[in-house]
Amino acid sequence: MGDTRHVKVLIIGSGPAGYTAAVYAARAMLSPLLVQGMQPGGQLTITTDVENWPGETAIMGPELMQKMEAHAKAMGAEIISDLITSLDLQKRPFTAQSDSGTIYTADAVILATGAQARWLGLPSEEKFKGFGASACATCDGFFYRGKEVVVTGGGNSAVEEALYLTNFATKVTLIHRRDSLRAEKILQNRLFKHPKIEVLWNHTVEEVLGDENPLGVTGVRVRDVKSGGEKVVPCAGFFVAIGHSPASELVKDQLEMHHGGYVKVEPGSTHTSIAGVFAAGDLTDPVYRQAVTSAGMGCMAALDAERFLAEQD
């Protein structure tokens, strides 16, 4: 059994929502403790150029998150490299069990666990994960210098991944099941102008193909959604960019949810269905999913927690 630590405010998650909540909670003299989780910095640490953060014309995602972490620490927040494995919200103080063995108890909890990459769910995709199949171009793109790659998806993330991969690959094929993209127009314009990128419309990926020894991707089998015809697109790397799912496993049986697993908050606030538990960022947001909106919600969560604790006192 590990040590038990009590804090006024426990923040779970370390993306823009978590770090901003830590800044505001620390300024309110609530001595917040932030537990970073498996991916300190969240999704922005696997993002290259961020061009929509106010005040920064362009900044690398990891650098932006390092700045946020440093800001939170400078304000007095305590930041721990640990992972919360279970959370009991049935009574206050709330209890969180960590991977390190430490048990954290808290008068208020701010959930900022974000979202994680969604996969197609193909057995062949699972087989080649880490051996040519990836959900993170910025993590793995370097390995495909001078090779051909495939990206599947139609939103911002898919277009961003395809554009990023042109830095390494000789050719990038973007496969989309429809005949138009959902991505922002400025990103689409860049995509369509790029000489290394080819778009394969109205197709779905049916199977990831590859060698056994050594294990590695050699192509993908795709199906035309209109004709039903199939063909193989050769590639050394296959990147899935079809969005994200909220990381709500910790609270799935305890808090009210909607839209397929997003934590439901009261309109105009970060209050969840349990008093004293607040949620912010991509964990709650199936619509905007932006760093700046996550940060705004992190601010709201800290202020909501501050008011809640003041009322308890």
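Results, tabulated for the structure shown:
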read-out	value
Where the Cα pairs of the stretch 1-151 fall when distances are cut into 10 Å bins, in %	10, 32, 30, 20, 7, 1
Rg and Dmax [Cα atoms of the stretch 123-240; Å; Rg one decimal, Dmax integer]	13.3, 42
Under 13 Å from residue 67, Cα to Cα: aspartates and glutamates that are on another chain or at least 8 residues apart	56
Lysine pair count for the stretch 174-313 [Cα-Cα under 22 Å; pairs on different chains or 8 or more apart]	4
Computed helical MRE - 222 nm, the chain, DSSP H runs ≥ 4 contributing -39500 (n - 2.57), nearest 500	-7500 deg cm²/dmol
Cα centre as origin, Lys/Arg/Asp/Glu Cβ charges: the chain dipole, Debye	720 debye
Per the chain, cysteines lacking a partner by the 4.7 Å Cβ criterion	235, 299
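Read-outs: derived from the displayed coordinates by stated rules, not from any lab. Worth saying up front: this structure is predicted, and the values here are computed from it rather than measured. For neighbour counting, all protein chains shown are included, and Cβ atoms are generated from backbone atoms with ideal geometry for every residue, glycine included.
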